[in-house]
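To start, the structure under review is shown below, and the notes come after it.
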Amino acid sequence: MIATMGNVFYFDWEFDLLYWFQGLHNPVLDKIVVAITSLGNAGIFWILLTIAMLIFCKDKKVVWTSALALLFSLLVINVFLKNTVMRARPCWIDDSVTLLVKNPKDYSFPSGHSSASFASAVSIVQYARYRKQGIAAVVLAALIAISRMYVFVHFPTDVLTGTILGIIEAILAGITVRFIYRKMEEKKTKIA
């Protein structure tokens, strides 16, 4: 059984907050939150958004920044941290709460939904040309992150850490992409 897997550690206030979210449940809000949280599944919304930007954005730096940030998120969160920390999910510890989503099989810390969402959203907001779209993406990223607590699959510290790491991944991706573009421009200038 899943509940026997993983390390169990949390702050008391984390379950208090998760149970508070449980008190907000109603049929309408449940459907809205499940739809929001589903946008973050496997980072698919952010991957599709990055592909759309590849087609429609003139400044390709934003595309490569988002793609690289998502790659960082995958490697840091899903490949390394989740499998190193091996934190049990709240729904594995308290299985009396009825889940609105499928019970995840991977570990809880940190939140991959939060990391990928903020990695892509902050990648967009870094570029002045796409600031308005980036702000909308950050709002959606925040809703996805919060939804993970509402559906009882992540502790608040999972979401907070995933969010912080997503922001860092986006900033590092932006620095890397701008550096590469700058070097390419310098090379073109030397050749000309």
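The values are calculated or read from the model by the stated rules, or taken from the named source; none is laboratory data. This structure is a prediction, so every number in the text was calculated from the model and none was measured. So basically every Cβ, Gly included, is an ideal-geometry build from the backbone, and we count neighbours across all protein chains shown. Keep in mind that these areas ignore ligands, DNA and RNA; they rest on the heavy atoms of the full protein, side chains included. Shrake-Rupley method; radii C 1.70, N 1.55, O 1.52, S 1.80 Å.
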- Note on the structure: Of the residues in region 31-49, those that are closer than 12 Å to Arg148 by Cα and either loosely packed, with under 14 Cβ neighbours inside 10 Å or out of contact with any Gly (no Cβ under 9 Å at 6 or more places or on another chain) (or both) come to Val33, Val34, Ala35, Ile36, Thr37, Ser38, Leu39, Asn41
- Item | Residue in region 16-28 that is surrounded by the fewest Cβ atoms within 10 Å (Cβ to Cβ), counting only those that are in contact with a Phe, Trp or Tyr (Cβ under 8 Å, 6 or more places away or on another chain) and of a type in the set (A, V, I, L, M, F, W, C) | Leu24
- Item | Tabulated pairs, region 108-123, first modelled with pLDDT of 95 or more, second open to solvent by 10 Å² or more (accessible area, probe 1.4 Å) and among the basic types (Lys, Arg), C-beta under 8 angstrom, 6+ apart or interchain | Ser111/Arg148; His113/Arg148; Ser114/Arg148
- Item | Thr176 vs. criteria touching a Ser or Thr at 6+ places or on another chain (Cβ under 9 Å) and more than 22 Å from Phe45 (Cβ to Cβ) | yes
- Scan region 77-116 residue by residue and report those that are among the hydrophobic types (A, V, I, L, M, F, W, C), surrounded by 20 or more Cβ atoms within 10 Å (Cβ to Cβ) and within 24 Å of Val139 (Cβ to Cβ). Ile77, Ala116
- Message: What pairs come out if I take residues in region 29-55 that are touching a residue at least 40 places away in the same chain (Cβ under 8 Å) and farther than 17 Å from Leu68 by Cα and pair them with residues that are of a type in the set (A, V, I, L, M, F, W, C) and open to solvent by 70 Å² or more (accessible area, probe 1.4 Å) whose C-beta lies under 7 Å away, six or more apart or interchain?
- Response: Ile36/Leu143
